[in-house]
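The next block holds one structure in the form of structure tokens; read it before the comments.
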Amino acid sequence: MSILRKLLHLPESKYSGRRIARWLWWALRGNRLQACLNAGIGLLGVVLSLLTVWAMQTAIDVASGTRQGNIYWAVAIMAVLILGEFALGISRVWIKNILGIKAQNRMQQQLLARLLRSEWRGREAMHSGDIINRLEEDVRQVVTFLTETLPSALSTVAMFVGAFVYLMQMDVALACITVGILPVFLLVSRIYVAHMRRYSRQVRQYDSHVQSLLTETMQHRMLVKTMEADEQMLTRLGQTQTTLRQWVRRRTVFSVASNLFLNIGFSLGYLIAFLWGALRLHAGTLSFGGMTAFLQLVYRIQGPARELSRLAPAFVSVFTATERLMELEETPEEEQGAPLPLDAPCGISFDSVSFNYGAPGQQPTLNGITFDFPPGSCSAILGETGSGKTTLIRLLLALVHPQQGHITIYNKCTREELSPRHRCNFVYVPQGNTLLSGTLRENLQIGNPTATDPQMLEALRLACADFVDQLPEGLDTRFSEQGGGLSEGQAQRISIARALLRPGSIMLLDEATSALDAATERQVLENILRQQRRTVIFVTHRSAVLDYCSQVIRVDKPEKE
């Protein structure tokens, strides 16, 4: 691969050529059927194409009297071969549209699964819009390269060799001249690759920036409107789009200039072949059919040569896309394996736990905390902004791990070090509106995919979400993004119902009743606490919650050293 990188004049990157090739081989595993079908169709197309040249030469020679034969049979053979090429063209389109979208979907699912299994870093290095851009555009480029470009390269080489051998049998000198011109132009095209890689990287980067801005603006549309920042956001978008257009323009100008140079060379070769054939035709050493075959074969040599010259930018694009997809996998996976449920009720114990998001030596977010949440207890966690309550939640859910100290989950029979595999023991209600687009049933099934309708309705009743009975389609009522059409209080109650459907024995509520009125909040809390098998942990500022808690834990900001 290092030889290929040098040959194509590709600059060094943080990933070695061998790692990129290994990743592409992994990506090819699930797409080999499509790649093999395309390769087979391409090779069959080469055979039909060369047979068509022979059939055309024969038909013309029969028509001009140079060769004996039946003109109708000759034309009939041509018609069959042409129909065969049409059938192969339809097959290519069918494979691309059916298997191609399946291949893209498969790779997107694999990468998304990898992202979901990765460790939670708290501060994401990539914007969500950039990640979506990579999962869409870069996946499309990689799949197209593996399933179409590489198989096409195989048939292109076969066409080049076959046409050259055919032409050699007719005229050795012309075949050598036609092929001899090509290396001159292909050698110059190496310059193309060095510049094109930089242009492609910049275009992909700013395309991601545009998508990030669009995503973020739509996610915070209410904020933009109320702050009257419409023009400001449009200006930022316009500036980013202008930069994107500039890089696209540079790439296009350079690509057009390079292609113009190559086309001039190929056209010159075609004119030489035409003149050579015309002179032989004039001298009587070549038939009309032979002249036609000459031109057809020269075209079939130059056509593959053009395609092979385009492999360089294809490698540039796929290297760039592969590197961007490999970056998505840089975050290591969290511990994998079967869930580890414990019999209810369970407790959680913190022993001298410290954690910070920065480099070692920086001020920790949590410093040497020791807490205990006994089985079946109800606790409230209080603390001012920045004291580490959110970090404490992430530690409880094993999204992040203590850098010092230990967190254990236990019941009266078992005590184990907390890990992501213990997450099945938790029921979590995050703060804010966390409903997804889709039906009410689909939102509730996130808590428990096997929940029955009666179980869902009971969870809604416990969460005081009786308003669902008034919805025209009940559990099949469809909501837009973030539960569009519901109030914040209604969305919050559905989130609580979703959590209640989970079988976990430790319930963690992060400001889960902040949008409820006092009476509804009191009823929801009583319904939740009536289930004695659960250990309940509130992260809250609401004084009403404290009345139901057996212990109140205050988290203070670590003192600066």
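The values are calculated or read from the model by the stated rules, or taken from the named source; none is laboratory data. Worth saying up front: this structure is predicted, and the values here are computed from it rather than measured. Here the Cβ is made from the backbone with ideal geometry for all residues, glycine too, and neighbour counts use every protein chain on show. Ligands, DNA and RNA are excluded from the accessible area calculation, which covers all protein heavy atoms including side chains. Shrake-Rupley method; radii C 1.70, N 1.55, O 1.52, S 1.80 Å.
Within the stretch 520-534, identify whether any single residue is among the hydroxyl-bearing types (Ser, Thr, Tyr) and either out of contact with any Phe, Trp or Tyr (no Cβ under 7 Å at 6 or more places or on another chain) or surrounded by fewer than 19 Cβ atoms within 10 Å (Cβ to Cβ) (or both), and answer yes or no. Yes - at least one qualifying residue is present in the stretch 520-534. Just a yes or no: is a residue in the stretch 110-118 over 19 Å from Trp26 (Cα atoms) and either open to solvent by 50 Å² or more (accessible area, probe 1.4 Å) or part of a helix (DSSP H, G or I) (or both)? Checking the stretch 110-118: at least one residue is over 19 Å from Trp26 (Cα atoms) and either open to solvent by 50 Å² or more (accessible area, probe 1.4 Å) or part of a helix (DSSP H, G or I) (or both).
Of the residues screened, Thr390 is not one that is closer than 30 Å to Ala544 by Cβ, among the hydroxyl-bearing types (Ser, Thr, Tyr), in a loop (DSSP other than H, G, I, E, B) and at pLDDT below 85.
For the stretch 505-518, the set of residues classified as modelled with pLDDT of 85 or more and surrounded by fewer than 22 Cβ atoms within 10 Å (Cβ to Cβ) consists of Asp510 only. For the stretch 370-384, the condition of being at pLDDT below 85 and part of a loop (DSSP other than H, G, I, E, B) holds for at least one residue. For the stretch 67-124, filtering for residues that are hydroxyl-bearing (Ser, Thr, Tyr) and without any contact (Cβ under 8 Å) to a residue 12 or more places away in the chain leaves 1. Tell me which residues, restricted to the stretch 366-405, are among the hydroxyl-bearing types (Ser, Thr, Tyr), within 14 Å of Thr535 (Cβ to Cβ) and surrounded by fewer than 19 Cβ atoms within 10 Å (Cβ to Cβ). Across the stretch 366-405, the qualifying residue is only Ser377. Selection within the stretch 233-248: residues that are β-branched (Val, Ile, Thr) and either in contact with an Asp or Glu (Cβ under 6 Å, 6 or more places away or on another chain) or free of Cβ contacts under 8 Å to residues at least 12 places away in the same chain (or both). The member of this set that is least open to solvent (accessible area, probe 1.4 Å) is Thr242. Being at pLDDT 80 or above and assigned to a helix (DSSP H, G or I) holds for only one residue in Leu308, Leu325, Leu340, and it is Leu325. Listed by first and then second residue, the pairs linking a residue in the stretch 14-29 that is over 19 Å from Gln104 (Cα atoms) to a residue that is surrounded by fewer than 17 Cβ atoms within 10 Å (Cβ to Cβ) and polar (S, T, N, Q), with Cβ atoms under 8 Å apart and 6 or more places separating them unless they lie on different chains, are Ser16/Ser2; Gly17/Ser2; Arg18/Ser2.
The residues on offer are Thr408, Thr434, and the sole one that is open to solvent by 30 Å² or more (accessible area, probe 1.4 Å) and of a type in the set (S, T, N, Q) is Thr434.
Residues considered: Arg493, Arg478, Arg498, Arg502. Of these, the only one that is under 29 Å from the mean Cα position of the chain (by Cα) and surrounded by 16 or more Cβ atoms within 10 Å (Cβ to Cβ) is Arg498. Comparison of Gly277, Gly347 shows that the only residue that is open to solvent by less than 40 Å² (accessible area, probe 1.4 Å), at pLDDT 85 or above and either farther than 26 Å from Thr52 by Cα or not aliphatic (A, V, I, L, M) (or both) is Gly347. Taken over the stretch 437-448, the criterion of being in a helix (DSSP H, G or I), open to solvent by 10 Å² or more (accessible area, probe 1.4 Å) and under 29 Å from Arg394 (Cβ atoms) is satisfied by Glu442, Gln445.
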